[in-house]
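Participant: Please see the structure below; I have some questions.
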Amino acid sequence: MTYVVSEPCIKCKYTDCVEVCPVDCFHAGPNFLVIDPEECIDCTLCVAECPVEAIYAEDDLPESQRHFIALNAELSKTWKVIVEKIDPPADADEWAKVKDKLNLLER
């Protein structure tokens, strides 16, 4: 089992989770983070750090978010590893409660 970043992260991109990851499995895109399923060691540390509750254990991912399993795996192959916390986008708080943001994902 691995952990998966889901839709609430889109356009929020808080990186609190990155700082606690012991294996550097997070990758950053323009407006979203993903977890590399090959690197994730299932430590659960990132889950509590996410202010928008976007990180789930693969088995606990809501049915409507299951497509993010493949998306995390795909994008982690091309996006750069992120190992330090960075400032979120200026409008991240405004996007935190917005639903249905997949169409806003920038690759």
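Participant: For region 1-32: of the residues being in a loop (DSSP other than H, G, I, E, B) and among the aromatic types (Phe, Trp, Tyr), which is nearest to Ala70 (Cα to Cα)?
Facilitator: Per the criteria, the residue is Phe32.
Participant: Does region 47-62 contain at least one residue that is charged (D, E, K, R) and free of Cβ contacts under 8 Å to residues at least 12 places away in the same chain? It would help to see each step written out before you state the result.
Facilitator: Taking region 47-62 as the starting set, the residues that turn out to be charged (D, E, K, R) are 49, 53, 58-60.
Keeping just the survivors that are free of Cβ contacts under 8 Å to residues at least 12 places away in the same chain gives 60.
The answer is yes; a qualifying residue exists.
Participant: Restricting the search to region 33-54, which residues are surrounded by 15 or more Cβ atoms within 10 Å (Cβ to Cβ), part of a loop (DSSP other than H, G, I, E, B), of a type in the set (Asp, Glu) and within 12 Å of the chain's Cα centre (by Cα)?
Facilitator: Answer for region 33-54, where residues must be surrounded by 15 or more Cβ atoms within 10 Å (Cβ to Cβ), part of a loop (DSSP other than H, G, I, E, B), of a type in the set (Asp, Glu) and within 12 Å of the chain's Cα centre (by Cα): just Asp36.
Participant: If you don't mind, another one. Considering only region 96-103, I want to know if a residue exists there that is closer than 16 Å to Asp16 by Cβ and modelled with pLDDT of 95 or more. Give the steps one after another, and end with the answer.
Facilitator: Going residue by residue through region 96-103, those that are closer than 16 Å to Asp16 by Cβ are 96.
Now drop any that are not modelled with pLDDT of 95 or more, which leaves 96.
Checking region 96-103: at least one residue is closer than 16 Å to Asp16 by Cβ and modelled with pLDDT of 95 or more.
Participant: So Ala70 clears everything in (1) under 16 Å from Glu19 (Cβ atoms); (2) hydrophobic (A, V, I, L, M, F, W, C); (3) surrounded by fewer than 16 Cβ atoms within 10 Å (Cβ to Cβ) except one condition, right? Which one?
Facilitator: Single failed check for Ala70: (1).
Participant: Go through region 55-67 residue by residue and tally those that are part of a loop (DSSP other than H, G, I, E, B) and surrounded by 12 or more Cβ atoms within 10 Å (Cβ to Cβ).
Facilitator: Summing the residues that are part of a loop (DSSP other than H, G, I, E, B) and surrounded by 12 or more Cβ atoms within 10 Å (Cβ to Cβ) in region 55-67 gives 2.
Participant: What number of residues within region 5-50 satisfy the criterion of being within 25 Å of Asp100 (Cα to Cα), in contact with a Cys (Cβ under 9 Å, 6 or more places away or on another chain) and of a type in the set (Val, Ile, Thr)?
Facilitator: 5
The values are calculated or read from the model by the stated rules, or taken from the named source; none is laboratory data. A quick note: this is a predicted structure, and the numbers were derived from the prediction, not measured. In this analysis, Cβ positions are derived from the backbone assuming ideal geometry, glycine residues included, and neighbour counts consider all displayed protein chains.
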